[in-house]
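Chemist: Okay, handing you the structure first.
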Amino acid sequence: MNAVSQLRKKMANIKQYNVHCASRWVLKHQHKFKQSVRACSLRVKQKLGYEQDEKANEQYEYDSEYTFRYADLTTKLCDPTQLRSKPDVSELKFGQIFTDHMLKVFYHKQLRGWQKPNIIPFENISLHPAAKALHYSIELFEGMKAYRGVDGRIRLFRPDLNMQRMNVSSMSVGLPTFDTHELTKCIRRLIQIDQEWVPHSESSSLYIRPCIIGIDGTLGVVQSDSALLYTILCPVGGYFSNSSSSNEGVSLLADPAYIRAWPGGLGDRKTGSNYGPTIRVQKTALMKGLHQVLWLYGPDNQITEMGTMNCFVFYVEDNGQKVLVTPPLNGLILPGVTRQSVIQLCEEWNEFRVDQRTITMDEVIKLSRNGRLLEMFGSGTAASISPVSLIDFVGQTIRIPTVEHSQPLYKRIRDRLAAIQYGHVEHPWAVPIE
Ligand SMILES: Cc1ncc(COP(=O)(O)O)c(C=O)c1O
């Protein structure tokens, strides 16, 4: 054996010994090793992302250090045998059938916040029985729609507004915020994957339900350090099971005994805690043969919202001037995307005054008595624009001639919104998903 091969052998032995020592060291310290590598890689990657998009984050960077990123999205598609057949459009009801896939993003404060987003086959979620969402309603949700246009293209309606509202709701219940553009991109991808579920019909659409739930499995009313953001999709038809109510007008129960929202509360946020308590009241309305609840507030019976819709009253002033009025965003009112769109459309038309001010039941009764109450309608993503025909107010029946006019305002607004949503006209509010 010459010197060179002796040296090689020695080196190999040393190397083997070193590898052996290194392996033992790694095994002994692997718990620390894993933690520091994980923390380090997350910090580097997310910091980079944050710096790149600092401007986009500025507005929404409330209390989360980081956001998840569309660029990190992973996708696991259904096996072709798992794909379900699509329902007939005529049979679609609201929120009953879901598409093949869903989006999931976990947040763990211990792991430096948001994890990578995943699109996966639709599945049940598994929660610790003490999960904060289940006990303290530490959760929030959104509702928006995708529409298949007359040109076959799929469009989202003003998704930026829903995403912003989602961040505000999330902050209110101590859940993490995120970069709204990143979630929009992930949702767009989810819809592209399930695009065949977007109904080919102008009476239907794809309802999008993003939500965030607190999943810490610990009792105690404190912030949830872990959360799950997920988004599910369902093809929907009309919102009201009784389809006549959208044409003949909705009847409302207005009872000052029930209060939906109050100053300093979360009535202007889309948190689940606002909705559970309305079920019993809605049931009372149904038992009286009425469709929905008109929510009042205060000793002067201010009109706030109807069901899960914002409320509009169209009337004629003493001087003959027509006015559309809706309650102001004073903390009692959900800042509806449709509400904002109705206001903007009507202001653009500039044919009558649009007021955001308090309106009371007394005023509505007086307008009705004087024959100056023209229309009343609700606005919302689920039901678009719903005309009101009657209010049952502590024993009085107030009839409203909303659907009796030959060219009612509610219909004009509804048609204009539909024209934008279904691509009859190109409009910046309708954002194609490709
Ligand atoms: C209480 C309440 N008001 C109003 C609305 C209407 O809001 P949007 O037009 O954004 O659907 C909703 C629906 O989300 C709601 O739940």
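Chemist: Can you work out which of the residues in the range 100-143 that are among the acidic types (Asp, Glu) and under 15 Å from Leu233 (Cβ atoms) is nearest to the ligand (Cβ to nearest atom)?
Modeler: This residue is Glu142.
Chemist: Ok, one more. Going through the range 415-434 one residue at a time, which ones are charged (D, E, K, R) and in a loop (DSSP other than H, G, I, E, B)? Working first, answer last.
Modeler: Step one: list which residues in the range 415-434 are charged (D, E, K, R), which gives 415-416, 426, 434.
Of everything in the range 415-434, those that are charged (D, E, K, R) and in a loop (DSSP other than H, G, I, E, B) turn out to be Glu426, Glu434.
Chemist: Only one of Leu409, Leu390 is over 26 Å from Lys288 (Cα atoms) and of a type in the set (A, V, I, L, M). Can you tell me which?
Modeler: Leu409
Chemist: Would you pick out the residues in the range 74-111 that are in contact with a Leu (Cβ under 6 Å, 6 or more places away or on another chain), among the aliphatic types (A, V, I, L, M) and under 27 Å from Ser201 (Cβ atoms)?
Modeler: Leu103
Chemist: Taking the condition of being small (Gly, Ala, Ser) and either more than 16 Å from the ligand (Cβ to nearest atom) or surrounded by fewer than 18 Cβ atoms within 10 Å (Cβ to Cβ) (or both), how many residues in the range 144-165 meet it?
Modeler: Of all residues in the range 144-165, those small (Gly, Ala, Ser) come to 146, 149, 152.
Filter again for either more than 16 Å from the ligand (Cβ to nearest atom) or surrounded by fewer than 18 Cβ atoms within 10 Å (Cβ to Cβ) (or both), leaving 149, 152.
Total satisfying the criteria: 2.
Chemist: Let me ask something additional. What number of residues within the range 341-361 are within 27 Å of Leu390 (Cβ to Cβ), within 16 Å of the ligand (Cβ to nearest atom), of a type in the set (S, T, N, Q) and not in a strand (DSSP E or B)?
Modeler: 1
Chemist: For the range 418-434: of the residues being in contact (Cβ under 8 Å) with a residue 12 or more places away in the chain and over 19 Å from the mean Cα position of the chain (by Cα), which is surrounded by the most Cβ atoms within 10 Å (Cβ to Cβ)?
Modeler: Only one residue fits best here, namely Ile420.
Chemist: Are any residues in the range 182-201 touching a His at 6+ places or on another chain (Cβ under 9 Å) and not in a helix (DSSP H, G or I), and if so, which ones?
Modeler: Asp194, the sole residue that qualifies.
Chemist: Please work out which residue is nearest to Ser203 (Cα to Cα), limiting yourself to the range 166-176 and to residues that are crowded, with 21+ Cβ neighbours inside 10 Å and more than 12 Å from the ligand (Cβ to nearest atom).
Modeler: By that ranking, first place goes to Asn167.
Chemist: Hey, does the range 374-381 have a residue that's away from the ligand (no atom under 16 Å from the Cβ) and either outside any loop (DSSP other than H, G, I, E, B) or of a type in the set (Gly, Ala, Ser) (or both)?
Modeler: Initial filter on the range 374-381 (away from the ligand (no atom under 16 Å from the Cβ)): 374-375.
Among the residues that remain, those that are also either outside any loop (DSSP other than H, G, I, E, B) or of a type in the set (Gly, Ala, Ser) (or both) are: 374-375.
For the range 374-381, residues away from the ligand (no atom under 16 Å from the Cβ) and either outside any loop (DSSP other than H, G, I, E, B) or of a type in the set (Gly, Ala, Ser) (or both): present.
Chemist: Can you tell me which residue is nearest to Ile303 (Cα to Cα) among those in the range 340-387 that are in contact with a Pro (Cβ under 8 Å, 6 or more places away or on another chain) and surrounded by 16 or more Cβ atoms within 10 Å (Cβ to Cβ)?
Modeler: Ile359
Chemist: Identify all residues within the range 72-117 that are among the aliphatic types (A, V, I, L, M) and more than 21 Å from Ile215 (Cα to Cα); write none if there are none.
Modeler: Of everything in the range 72-117, those that are among the aliphatic types (A, V, I, L, M) and more than 21 Å from Ile215 (Cα to Cα) turn out to be Leu73, Leu77, Leu83, Val89, Leu92, Ile97.
Chemist: Take residues that are in contact (Cβ under 8 Å) with a residue 24 or more places away in the chain and small (Gly, Ala, Ser) and tell me which of the strands (runs of 3 or more DSSP E) falling wholly in the range 86-181 contain 1 or more.
Modeler: Numbers: elements: 101-108, 118-121, 139-141, 144-148, 154-157.
Passing ranges, in order: 144-148.
Chemist: Still on this structure, I have one more. Looking at Leu233, is it closer than 30 Å to Thr184 by Cα and in a strand (DSSP E or B)?
Modeler: Judged against the criteria, Leu233 is a match.
Chemist: Let me ask something else about it. Mind listing whichever residues of the range 202-229 are part of a strand (DSSP E or B) and over 30 Å from Asp151 (Cα atoms)?
Modeler: Listed by number, the residues that qualify are Cys211, Ile212, Ile213, Gly214, Gly217, Ser226, Ala227, Leu228, Leu229.
We did not get these values from a lab; they are worked out from the coordinates using the rules stated. Quick caveat: nothing in here was measured; it's all calculated off a predicted structure. Backbone-built Cβ (ideal geometry, glycine too); neighbour counts: all protein chains shown.
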